[in-house]
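Novice: Here it is: the structure, laid out below.
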Amino acid sequence: MKITALGVNSAFSSGEYVKSVSLEAINHELKKIVHSKKKNEPIPIKDIIKNLSSAAETMYKPKWQSNFILEFEKENGNPYRLVLDFGSDFRHSLQGAGYKLNDIDGYYCSHPHADHIGGIEGVALSHIFNPYFKEGKLEWLKNETTNEIDLIAKRLSNGEQIPEKYKPDLFGHKSVLNELWSAARPGLETIQGVTDVNLHTYFNVKYMQDNRPIIFDDAERKWSIYTVTSVHVNAGYRQMPSYGLMLESSDGKIIYMPTDTQFMTPRQVSLYYEKAHVVYQDCETGPRSEVHPHLDDLKTLSPHLKKKLILYHYGAEPETEPDEFKEILKTGTTHEY
Ligand SMILES: [Zn+2]
């Protein structure tokens, strides 16, 4: 099983715009000099700088929201790719990691903040109107000759459902998926000419519960995956939990991905920290919002626990002692388990 970080930054981190000159432009300028400069003539530094400055383009150095891909190896050797949270910038971070939407088989949603569900409308509409998701869907559509988008809408308006094999899976706690639907409903409920649209129209919805594992095959092994409830936001009368994932392999590996959570809240989550060998830990580095553990809090943990923590979901990169934590996660990093 492989875990890849599509992004590692906090919800509202934004990247920076920098002026940059492409290798092609530098190459072009150097060739021009080599061809035109006469022997003993000085190198025209000022001209080179001027020309390269005018060739500079504005580039974006992104900071993507903290989303992951979990990749399992199915019996037939093909991967099953499960996305853990899909924020507003998911389509860009996915592409940045070298994947297309077609490569994704399922989605898991931990809680309804925009950096975890903001990509839902793009994900749902892009999958349903994609005639190539998955193999065989185009043939299923092609009894008639018109464009695929019309065909899909026509099938739905006739009361047909998209067959399960042509829809991605959507996993999550029932309360989260209900809130996900409430948030996405205006955009997803309206397909031209189609009535009675709901989350099941787009996805194979699979509800999850704490301590009720779903099994994922992974080559010779199996992974039992279940949710762990923790408190993310406490607004007095109303709390927003985040449902993290505990992943336990048949050969004894245990990974805990609490997603967004306050520091050891409720206290019972500390049991999962003890049990796990590796924890992907959200870590705040700026002013305290109280809805994520702050780096200063995490530094107070025992050395034994700190050595399990892979820190991510930061704004500025955490400053730690060498080897204090297991790792500071970077965008694009893949871990194999
Ligand atoms: Zn959150």
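The values are calculated or read from the model by the stated rules, or taken from the named source; none is laboratory data. Bear in mind the structure is a predicted one, so any value in this text is a computation, not a measurement. Cβ sites come from the backbone with ideal geometry, for glycine too, and all protein chains shown count toward neighbours.
Novice: Looking only at the range 74-96, filter to residues that are within 16 Å of the ligand (Cβ to nearest atom) and of a type in the set (D, E, K, R); which one of those is surrounded by the most Cβ atoms within 10 Å (Cβ to Cβ)?
Specialist: Within the range 74-96, the match that is surrounded by the most Cβ atoms within 10 Å (Cβ to Cβ) is Asp85.
Yes/no matrix, rows are residues, columns are (1) in contact (Cβ under 8 Å) with a residue 12 or more places away in the chain; (2) of a type in the set (Phe, Trp, Tyr):
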residue: Gly236; (1), (2): no, no
residue: Tyr243; (1), (2): yes, yes
residue: Leu311; (1), (2): yes, no
residue: Thr334; (1), (2): yes, no
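Novice: Could you list all residues from the range 166-209 that are surrounded by fewer than 17 Cβ atoms within 10 Å (Cβ to Cβ), closer than 16 Å to Tyr107 by Cβ and among the basic types (Lys, Arg)?
Specialist: Those that are surrounded by fewer than 17 Cβ atoms within 10 Å (Cβ to Cβ), closer than 16 Å to Tyr107 by Cβ and among the basic types (Lys, Arg): Lys174, Lys206.
Novice: Scanning for something within 16 Å of the ligand (Cβ to nearest atom), assigned to a loop (DSSP other than H, G, I, E, B) and closer than 30 Å to Val231 by Cα, does the range 115-124 turn up at least one residue?
Specialist: Yes: the range 115-124 contains one or more residues that are within 16 Å of the ligand (Cβ to nearest atom), assigned to a loop (DSSP other than H, G, I, E, B) and closer than 30 Å to Val231 by Cα.
A quick yes/no check of all residues on (1) of a type in the set (A, V, I, L, M, F, W, C); (2) farther than 21 Å from Leu177 by Cα; (3) within 16 Å of the ligand (Cβ to nearest atom):
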position: Val231; (1), (2), (3): yes, no, yes
position: Gly236; (1), (2), (3): no, yes, no
position: Ser242; (1), (2), (3): no, no, yes
position: Leu247; (1), (2), (3): yes, no, no
position: Asp251; (1), (2), (3): no, yes, no
position: Met264; (1), (2), (3): yes, yes, no
position: Lys275; (1), (2), (3): no, yes, no
position: Val279; (1), (2), (3): yes, yes, no
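Novice: Given the condition surrounded by fewer than 18 Cβ atoms within 10 Å (Cβ to Cβ), within 16 Å of the ligand (Cβ to nearest atom) and either among the acidic types (Asp, Glu) or under 20 Å from the mean Cα position of the chain (by Cα) (or both), answer yes or no: does some residue in the range 97-104 qualify?
Specialist: There is no residue in the range 97-104 that is surrounded by fewer than 18 Cβ atoms within 10 Å (Cβ to Cβ), within 16 Å of the ligand (Cβ to nearest atom) and either among the acidic types (Asp, Glu) or under 20 Å from the mean Cα position of the chain (by Cα) (or both).
Novice: Within the range 262-280, track down each residue that is farther than 17 Å from Glu248 by Cα and either touching a His at 6+ places or on another chain (Cβ under 7 Å) or surrounded by 12 or more Cβ atoms within 10 Å (Cβ to Cβ) (or both).
Specialist: Answer for the range 262-280, where residues must be farther than 17 Å from Glu248 by Cα and either touching a His at 6+ places or on another chain (Cβ under 7 Å) or surrounded by 12 or more Cβ atoms within 10 Å (Cβ to Cβ) (or both): Gln262, Phe263, Met264, Thr265, Pro266.
Novice: Any residue at all in the range 137-156 that's within 30 Å of Gly244 (Cβ to Cβ) and either at pLDDT 85 or above or more than 30 Å from the chain's Cα centre (by Cα) (or both)?
Specialist: Within the range 137-156, not a single residue is within 30 Å of Gly244 (Cβ to Cβ) and either at pLDDT 85 or above or more than 30 Å from the chain's Cα centre (by Cα) (or both).
Novice: Filter the strands (runs of 3 or more DSSP E) completely within the range 21-108 down to those with at least 2 residues that are hydroxyl-bearing (Ser, Thr, Tyr).
Specialist: 57-61
Novice: Please determine, by comparing only the residues of the range 7-20 that are more than 16 Å from the ligand (Cβ to nearest atom) and assigned to a loop (DSSP other than H, G, I, E, B), which one is surrounded by the fewest Cβ atoms within 10 Å (Cβ to Cβ).
Specialist: Looking at residues that are more than 16 Å from the ligand (Cβ to nearest atom) and assigned to a loop (DSSP other than H, G, I, E, B), I get Ser14.
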